[in-house]
Amino acid sequence: METEQQQSESTINPSLSRGTLALEGTDTTNLPKLPPAPEPESQLQQISRQISQFLEQLPQYLSEFFQNYKQSLITVALILAAIVTARLVLALLAAIHDIPLLSPLFELVGISYTSWFIFRYLLKASTRQELADEIQLLKNQFVGE
């Protein structure tokens, strides 16, 4: 589908071919060559390039995310660790409770220690004051006063 102008040019100058213009009297062999036109990327190549760029920047993304949400991540990790620890302790207590004579033995030890504590510290006013002083001393050591 050549236009009328292209038809007239091709009939006037036979050196015109395939849309190139050759000037009369010029040597076209020594002209610089243009690089070949890049081939259009396929969709698969575009996707693979985007994935590789994302993977290259992944460490930077992760470090920025950790820096922005450091306190929140630590809090969530501590909560999860507390939940796991509580589940393990409860499982251990359930396992101990299933051992036939161990559960009553622990109950007997607990009752004995509670009785000793009551007789040692809670019956007399002087020993209650001694216990209050010990508690205050421990509190001061932890608080730092």
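Any read-out appearing in this document is the output of simple, stated calculations on the displayed coordinates, not a laboratory observation. All values derive from a computational prediction rather than experimental measurement. Here the Cβ positions follow ideal geometry from the backbone for every residue, glycine too, while neighbour counts run over all protein chains shown.
Quick one: net charge of Tyr121's neighbours, Cβ under 10 Å, K/R +1, D/E -1?
+1
Around Glu134, under 12 Å between beta carbons, what's the net of Lys plus Arg minus Asp minus Glu among the other residues?
+1
Any lysines with Cα under 29 Å of the Lys139 Cα? List them, leaving off those in the same chain fewer than 8 positions away.
Partners within reach: Lys124.
If I model a spin label as a point 7 Å beyond the Cα along the Cα-Cβ vector, how far apart are those points for Gln136 and Leu123 in nm?
With each label placed 7 Å out from Cα toward Cβ, I get 2.5 nm.
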